[in-house]
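The values are calculated or read from the model by the stated rules, or taken from the named source; none is laboratory data. Nothing here was measured: the structure is a model prediction, and the numbers come from that model. In this analysis, Cβ positions are derived from the backbone assuming ideal geometry, glycine residues included, and neighbour counts consider all displayed protein chains.
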Amino acid sequence: MQKKIVLIGGPGTGKTSVINDLKSKGFFCMPEISREITLKAQQNRIQQLFLTDPFLFSKLLFEGREEQYINASNSKAEFVFFDRGLPDIQAYMEYAKKDYPSNLKEKSLLYTYDYIFIFKPWKEIYKTDNERYENFKESLMIDQYLQKVYREFGYSIIEVPFNSVEKRTEFILNWLKENA
């Protein structure tokens, strides 16, 4: 039975680095797609689509994550790792105090995950870039919304300790070996 594993956390917490490490080890991974949406918007002269049109950004993100989930389900991979899940969209929209697609909650209940690993905000590794506009304080607040929303959906959250990328990957794989 396939296990779907989501890595969550505020921006700049190291999720993508671990996803890349898992991918290099041969695991089936679904990348974070918000950067792709942001870059496409920037090519159309919209610097931050999430800030300009949060509903459109969320709709595009929702469609992309739903497609990722379906593609993962059609794979034969034993473990599929996602860099964020559908409930992240709700958490970000609640953080921004914005409306989100009406069917998001329904789809988040339909497309479920087996394990949720959270990467807590870590000041020592936090950086902004062209696609990440949030500051560290905002990352801390987003972290709270992520935990709230995932718990509202009934998920248990496993905290990944601060450490090197390799040690964080090892923590997740060891946890899965012992508990999955």
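Only residues that are under 23 Å from Glu36 (Cα atoms), polar (S, T, N, Q) and within 16 Å of the chain's Cα centre (by Cα): list them for region 129-180, please.
Ser139
Which one is surrounded by the most Cβ atoms within 10 Å (Cβ to Cβ), of the residues in region 92-113 that are in a helix (DSSP H, G or I) and out of contact with any Ser or Thr (no Cβ under 9 Å at 6 or more places or on another chain)?
Per the criteria, the residue is Ser108.
Looking at (1) among the aromatic types (Phe, Trp, Tyr); (2) free of Cβ contacts under 8 Å to residues at least 40 places away in the same chain; (3) in a loop (DSSP other than H, G, I, E, B), which one does Phe171 not meet, given that it meets all the others?
(3)
Going residue by residue through region 101-118, is there one that turns out to be out of contact with any helix residue (DSSP H, G or I) (no Cβ under 7 Å at 6 or more places or on another chain), polar (S, T, N, Q), within 25 Å of Phe28 (Cα to Cα) and at pLDDT 95 or above?
Yes: one or more hits.
Please state which of the following conditions Glu178 fails to meet, knowing it meets all the rest: (1) under 19 Å from Gly12 (Cα atoms); (2) at pLDDT 95 or above.
If we test Glu178 against (1) under 19 Å from Gly12 (Cα atoms); (2) at pLDDT 95 or above, just (1) comes out false.
Within the group Ile125, Ile158, which residue is surrounded by fewer than 18 Cβ atoms within 10 Å (Cβ to Cβ), touching a residue at least 24 places away in the same chain (Cβ under 8 Å) and in a loop (DSSP other than H, G, I, E, B)?
Answer to the check: Ile125.
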